[in-house]
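I have placed the structure first, in the form of structure tokens, so that the comments after it can refer back to it.
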Amino acid sequence: MRNISLLIKPSSSSCNLNCNYCFYNQIASERSVESYGIMHLETAENIIKKALEFANGGICNFAFQGGEPTLAGISFFKKFVSLVSKYNVKASIINYCIQTNGVLIDEEWGIFFKQNNFLVGLSLDGDEKINDYNRVDICGNGSFNSIIRGKKILDKNEVPYNILSVIDNNSAIHIKESYNFFKELGVTYLQFIPCLDPLKTENIEKKALDNEHYSKFLKELFDMWYEDYKKGQIISIRFFENILMNIIGMGAESCDMRGECSIQNVIEADGSVYPCDFYVYDKWKIGDINKDNFQEIIFNSISNDFLKESSSSSEKCAQCKWKSICKGGCKRYWYNNEKHIFCEGISEFLDYSIVRFIEIVKKLKY
């Protein structure tokens with residue numbers, strides 16, 4: 001038995017929004033093929049057969065992302081789930097999750113997610129003003145009302161979900177409003193990810209999110225989260241929970257806080273496979289699910305080269321007092337393998353918060 005996780009892009013880079021900070025738009029624009037359209041069911045069937053063959057009775061995680069994955073249509077997902085049932089002859093444990101902007105979620109989607117035990121990641125940056133600063137459609141119209149409509153359908157159907165928010169310099173200064181807004185919505189699972197400048201940027205100046213804004217954001221968020229924790233009002237914030245995991249020594253679940261990459265098996269709509277969502281570039285193609293099996297994909301020379309690159313770090317990072325907690329951050333956070341672009345912000349935050357993190361750890365142990 002083995003475990004395997006897949007990140008599937010059934011609608012490639014296609015999206016019904018045109019978010020100002022979308023990193024995948026930038027990646028797709030630099031490939032020889034910008035969009036591979038909607039995934040054919042034959043490709044989906046090959047993914048399922050080969051994933052379950054590799055898992056051999058272990059755990060198989062099917063995650064869907066985009067672009068916007070719901071553009072593939074609910075019939076695609078119904079067929080996908082049906083094929084998993086058909087080919088899961090070794091009784092592998094199946095987990096489904098989907099990251100969506102929520103615009104297309106209707107009652108049919110809500111029922112489907114509930115019936116098939118999907119965990120939904122819903123992209124929402126804050127209240128209407130904050131969210132619609134970046135999350136707009138092709139005409140520049142905000143997405144807030146559509147997202148909230150989708151959220152209400154998830155609530156009605158008791159579908160588990162978390163909120164994913166992208167933090168740039170604008171949303172960082174509004175974290176108090178956003179945190180309280182999410183609490184008012186009844187959301188208890190939050191993930192905040194830093195906005196990244198394009199990989200091709202020739203310098204390390206942070207324009208989307210700089211260290212000053214990021215540090216201030218983390219401190220303000222932590223203060224509110226810690227006060228709620230003391231009151232017994234537990235809000236799950238992925239970054240903080242992974243810090244706690246590394247302090248305890250159990251190891252973070254988030255790949256950017258493990259100190260080295262893993263092969264994420266990102267599968268584009270045409271069946272091409274890549275090691276990481278940040279590296280879906282032609283040079284990092286590690287296989288084709290229509291031709292190769294996962295043994296060949298995960299353990300080939302390009303995959304090995306990708307993993308080797310992720311284990312390198314600068315002397316500054318190696319000597320940092322926070323290395324055991326930060327682990328050097330994501331490979332995508334490094335510039336020329338010499339500088340973690342959020343190093344100063346995270347270090348300043350850990351200086352500020354570490355005593356309270358350790359206090360929480362001590363309470364967890366007893």
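The values are calculated or read from the model by the stated rules, or taken from the named source; none is laboratory data. On a predicted model such as this, the values are computed, not experimentally measured, just so you know. In this analysis, Cβ positions are derived from the backbone assuming ideal geometry, glycine residues included, and neighbour counts consider all displayed protein chains. Ligands, DNA and RNA are stripped out before the accessible areas are found, and what is left, the full protein with its side chains, is counted by its heavy atoms. Shrake-Rupley method; radii C 1.70, N 1.55, O 1.52, S 1.80 Å.
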*Kindly list the number of the only condition in (1) crowded, with 20+ Cβ neighbours inside 10 Å; (2) under 30 Å from residue 41 (Cα atoms) that fails for residue 240.*
(2)
*For the stretch 308-324, does any single residue satisfy the condition of being in contact (Cβ under 8 Å) with a residue 12 or more places away in the chain and aliphatic (A, V, I, L, M)?*
no
*the stretch 69-84 residues that are crowded, with 22+ Cβ neighbours inside 10 Å, paired with ones that are at pLDDT 95 or above and of a type in the set (Gly, Ala, Ser) (beta carbon under 8 Å, 6 or more apart)*: 69/11; 70/11; 72/11; 80/44
*Quick one: in the stretch 85-103, which of the residues that are open to solvent by 40 Å² or more (accessible area, probe 1.4 Å) and among the hydroxyl-bearing types (Ser, Thr, Tyr) is nearest to residue 143 (Cα to Cα)?*
85
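Each row is one residue, and each column tells you yes or no for (1) open to solvent by 10 Å² or more (accessible area, probe 1.4 Å); (2) touching a residue at least 40 places away in the same chain (Cβ under 8 Å).
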position: 244; (1), (2): yes, yes
position: 259; (1), (2): yes, yes
position: 269; (1), (2): no, yes
position: 288; (1), (2): yes, no
*Looking for whichever is in contact with a Ser or Thr (Cβ under 9 Å, 6 or more places away or on another chain), among the acidic types (Asp, Glu) and either surrounded by 14 or more Cβ atoms within 10 Å (Cβ to Cβ) or under 22 Å from residue 63 (Cβ atoms) (or both) here; the options are 106, 132, 210. Which one fits?*
132
*What is the residue count in the stretch 290-304 for residues that are touching a residue at least 40 places away in the same chain (Cβ under 8 Å) and hydroxyl-bearing (Ser, Thr, Tyr)?*
1
*Under the condition of being touching a residue at least 24 places away in the same chain (Cβ under 8 Å) and assigned to a helix (DSSP H, G or I), which residue from the stretch 149-159 is most open to solvent (accessible area, probe 1.4 Å)?*
156
_For the stretch 139-157, which positions are within 21 Å of residue 170 (Cβ to Cβ) and among the β-branched types (Val, Ile, Thr)?_
147, 148
*Restricting to helices (runs of 4 or more DSSP H) lying wholly in the stretch 265-325: which have 2 or more residues that are under 22 Å from the mean Cα position of the chain (by Cα)?*
294-298, 301-310
_Checking the structure you have, find out if any residue of the stretch 3-26 is among the aromatic types (Phe, Trp, Tyr), touching a residue at least 60 places away in the same chain (Cβ under 8 Å) and more than 21 Å from residue 166 (Cβ to Cβ)._
no
